[in-house]
Amino acid sequence: MLRVGFQQLLRCGLFWALAGHVGRGDAPLARDVGGKTARIRLVNDTVFPHAMHLHGMHFRTVAVDGLGPMRDTLLVMPQESAEIAFVADNPGKWLLHCHMLGHAASGMTNWIEVA
Ligand SMILES: [Cu+2]
C-alpha cells in the first residue's frame, strides 16, 4: 500500500475524494452480482455541489415518498445526501464520478464492478 500525504496529493493536482478514495484505484468501490438491486448512498459533505454520474446503468433516487425518475446523473447539493438504486444488470466495470469534470480529473472518480 502506498501512503501519500495531503501535500503530495495537492502537488499532483488531486484534492477530491470519493468514499475516502482519491482517484480510481485498482479495486472497485463496490462489486455487485448481476441482476440484483444495488443501492448507493451519496453524501456530499463539501461546500460544492456535485453532479454524480454513473456509467453503464440508469438509476432512480430513493425517497420516503417513492422512487424518482430514471436518470444517469444526480446533482447533490452541499451538505445534502441522496440514495440511488439501480438494477445491476449490465456486467462490466463502470465509472462513478462527479460530472463537474474538474472535480473528476482531480480525484472524484472511481468505479464499480458488476459481475
Ligand atoms: Cu464535484
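Of all residues being surrounded by fewer than 16 Cβ atoms within 10 Å (Cβ to Cβ) and within 12 Å of the chain's Cα centre (by Cα) in segment 59-74, which is nearest to the ligand (Cβ to nearest atom)? Just the residue, please. Here the answer is Thr73. Do you know which residues across segment 1-36 are at pLDDT below 80, open to solvent by 70 Å² or more (accessible area, probe 1.4 Å) and more than 22 Å from Leu96 (Cα to Cα)? Those that are at pLDDT below 80, open to solvent by 70 Å² or more (accessible area, probe 1.4 Å) and more than 22 Å from Leu96 (Cα to Cα): Met1, Leu2, Arg3, Val4, Phe6.
Working only within segment 30-54, note down all residues that are more than 16 Å from the ligand (Cβ to nearest atom) and of a type outside the set (Ser, Thr, Tyr). Break it down into steps so the answer makes sense when it comes.
At the first step, the residues of segment 30-54 found to be more than 16 Å from the ligand (Cβ to nearest atom) are 30-39, 41.
Ala30, Arg31, Asp32, Val33, Gly34, Gly35, Lys36, Ala38, Arg39, Arg41 - these are the residues of segment 30-54 that are more than 16 Å from the ligand (Cβ to nearest atom) and of a type outside the set (Ser, Thr, Tyr).
In the set (1) within 14 Å of the ligand (Cβ to nearest atom); (2) more than 20 Å from Asp32 (Cα to Cα); (3) not basic (Lys, Arg), Thr109 fails one condition alone, (2). A Cβ distance below 7 Å, combined with a sequence gap of six or more or placement on separate chains, defines the contacts here; from segment 86-115, residues that are small (Gly, Ala, Ser) reach residues that are open to solvent by 50 Å² or more (accessible area, probe 1.4 Å) and assigned to a strand (DSSP E or B) in the pairs Ala115/Arg31.
Would you check if Pro78 is within 11 Å of the ligand (Cβ to nearest atom), loosely packed, with under 15 Cβ neighbours inside 10 Å and part of a loop (DSSP other than H, G, I, E, B)? Answer is yes for this residue. Of all residues in segment 44-70, those satisfying the criterion of being under 18 Å from Pro28 (Cα atoms) and part of a strand (DSSP E or B) are Met52, His53, Leu54.
Please find, within segment 87-106, the residue that is nearest to the ligand (Cβ to nearest atom) out of those that are in a strand (DSSP E or B) and surrounded by fewer than 21 Cβ atoms within 10 Å (Cβ to Cβ).
Start the filter on segment 87-106 by keeping residues that are in a strand (DSSP E or B), which leaves 87, 92-98.
Those left that are additionally surrounded by fewer than 21 Cβ atoms within 10 Å (Cβ to Cβ): 87, 92-95.
Numbers: Val87: 26, Gly92: 23, Lys93: 21, Trp94: 18, Leu95: 14 Å.
Ranking the candidates gives Leu95 first.
Residues that are at pLDDT 90 or above and of a type in the set (Val, Ile, Thr) do occur in segment 44-58.
The values are calculated or read from the model by the stated rules, or taken from the named source; none is laboratory data. Remember, it's a predicted structure, so these values are computed and weren't measured experimentally. Every residue, glycine among them, receives a Cβ derived from its backbone with ideal geometry; neighbour counts consider all protein chains shown. Surface accessibility is based on the protein's heavy atoms, side chains included, excluding ligands, DNA and RNA. Shrake-Rupley method; radii C 1.70, N 1.55, O 1.52, S 1.80 Å.
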